[in-house]
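Reviewing the structure listed below.
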Amino acid sequence: MPRTDTTLDILWNTMEEDLNKRCSSVGPGVMGYSLLDLTTEKTAKFHEQVVFPTASTIKIAILLGLTTKVHAGELDWRSRYLTSELPKVGGSGILSLLRDPVELSLWDLASLMIALSDNDATNACIDFAGMDYVNSMLSSMGLSQTLLRRKMMDDEAVQRGDENVSTPDDLMKLVSKIERRDGVSDAVSKDILTILSLEKDGAFTQALPPQVKRVNKPGGLNHVAVDAGLIYLKDRTVALAVMANYMEERRTEAVADVIRTAYRY
């Protein structure tokens, strides 16, 4: 039978062409994305298998490992830690700025890791979750291109080339699996999505109207911008990851432009 396109098919194809054009026209730089409509299973992709640095978006994977251990009984969200006992590495966040010790729960540390991208909190969460455990979990979920290879602000690891990396497709699948409870328990998923829903800056925030519900984690380094998450619309949920590297300027704006364009369609 001859193929019969619907107006929705045509609109989707137009969107993909528009998004691909925006990604291919950045320069100098490389940008890719992976988008999945979880209701219709329609996809749109560009450079989706290219490996990019993740910057702070790797913290979604850390949160997954941490939350899984909590619900396995190996950790407790209510456990409390003195900030004076945590290693201070500086960079983004607030803990390295505190003069006096503060007691925080594991839930608080995870929330600071996501909402403020706090590097001290993140490195503590990596210690609690275990780098090998996080990578083993990602591999078991079929996300072999996503690798946690260093802590935050580890310049020596960066010089060795041990960067945290992923692909747009892997990050899209990661958030999709969390949403769909695919290899992730319902209790784990609920906690992850609650923490990922915390208000934060980044490309998703720039691109989406404030009333649109979303869960996401942005990331940025010199010449790098990333954001990945879920957009909850009235009749569907969309998983989207956008990654950019070698961008000299307006990195976050370029990523936000892809997200904004996808949302408009």
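The values are calculated or read from the model by the stated rules, or taken from the named source; none is laboratory data. Small disclaimer: the values here were computed from a predicted structure and weren't measured. Virtual Cβ from ideal backbone geometry, glycine too; neighbours counted across all protein chains shown. Protein only, heavy atoms only, side chains kept; ligands, DNA and RNA dropped before computing areas. Shrake-Rupley method; radii C 1.70, N 1.55, O 1.52, S 1.80 Å.
Dividing the C-alpha radius of gyration of region 59-108 by 2.2 N^0.38 Å, with N its residue count, gives 1.27. When the listed pairs LYS45/LYS88; LYS69/LYS173; LYS42/LYS151 are checked against a 31 Å cut-off, the alpha-carbon distance exceeds it for LYS45/LYS88; LYS42/LYS151. Using only the C-alpha atoms, the convex hull of region 52-145 corresponds to 91 Å³ per residue. Along the chain, counting only GluC sites (Glu not before Pro) with a DSSP assignment other than H, G, I, E or B and at most 14 other Cβ atoms inside a 10 Å radius, the longest segment between sites is 75-198. Residues in region 89-99 carry Karplus couplings, in order, of 10, x, x, 6, x, 10, 4, 5, 8, 6, 7 Hz; the curve used is 6.51 cos²θ - 1.76 cosθ + 1.60 with θ = phi - 60°, and Gly or Pro positions show x.
Provide the per residue accessible area, probe 1.4 Å, for region 1-83, rounded to a whole number of square angstrom. Show your work: numbers first, answer last.
Values: 4200 Å² over 83 residues.
Result: 51 Å² of accessible area for each residue.
Here the 3J(HN,Hα) profile of region 35-46, calculated from phi with Karplus coefficients 6.51, -1.76 and 1.60 at θ = phi - 60°, is 10, 9, 7, 5, 8, 9, 6, 5, 10, 9, 8, 7 Hz, Gly and Pro shown as x.
Does region 1-83 classify as rounded, prolate or oblate by the C-alpha gyration tensor (a ≥ b ≥ c root eigenvalues; a/c under 1.5 gives rounded; else a/b over b/c gives prolate, otherwise oblate)? If you can, show how the numbers build up before the last one.
On the way: a/c = 4.22, a/b = 1.91, b/c = 2.21.
In terms of gyration-tensor shape, oblate.
Here the Karplus curve 6.51 cos²θ - 1.76 cosθ + 1.60, taken at θ = phi - 60°, turns the phi angles of region 106-119 into couplings of 4, 4, 4, 5, 5, 5, 5, 4, 8, 6, 10, 6, 5, 6 Hz, with x standing for Gly and Pro. The slack in the chain from ASP9 to VAL30, taken as 0.36 nm per residue of separation less the alpha-carbon distance, amounts to 4.8 nm. In the elastic network of the chain, a GNM with C-alpha springs shorter than 10 Å, the most mobile of GLY93, GLY73, GLY220 is GLY73.
Give me the percent of the accessible area of the chain that comes from carbon and sulfur atoms, probe 1.4 Å, all protein chains in place. Carbon and sulfur: 50 percent of the exposed surface of the chain. GNM on the chain, alpha-carbon springs under 10 angstrom: the most fluctuating residue among ASP132, ASP182, ASP235 is ASP235.
Ignoring aspartates and glutamates fewer than eight residues from LYS21 along the same chain, the ones with Cα atoms less than 12 angstrom from its Cα are ASP257. Based on DSSP H segments of at least four residues, each scored -39500 (n - 2.57), the chain has a per-residue ellipticity at 222 nm of -12500 deg cm²/dmol. Cα-based radius of gyration for region 127-199, normalised by 2.2 N^0.38 Å, reads 1.20.
For the chain, the pair-distance distribution built from all alpha carbon pairs, in bins 10 Å wide starting at 0, is 7, 31, 36, 19, 5, 1, 0, 0 percent. Please work out the FRET efficiency for the pair GLN211 and ARG236, using the Cβ-Cβ distance as r and a Förster radius of 25 Å; give the result to the nearest 0.05. With R0 = 25 Å, the Cβ-Cβ based efficiency is 0.95.
Using the Cα gyration tensor of region 168-265, with a ≥ b ≥ c the square roots of its eigenvalues, what is the shape: rounded (a/c below 1.5), prolate (a/b larger than b/c) or oblate (neither)? Prolate.
What trypsin sites (Lys or Arg not before Pro) does region 162-265 have in DSSP loop regions with at most 14 other beta carbons within 10 Å? Numbers along the way, then the final one.
Values: sites: LYS173, LYS177, ARG180, ARG181, LYS190, LYS200, LYS213, ARG214, LYS234, ARG236, ARG250, ARG251, ARG260, ARG264; in loops: ARG181, LYS200, LYS234, ARG236, ARG250.
For trypsin sites (Lys or Arg not before Pro) across region 162-265 that sit outside H, G, I, E and B with at most 14 neighbouring Cβ atoms in 10 Å, the list reads ARG181, LYS234, ARG236, ARG250.
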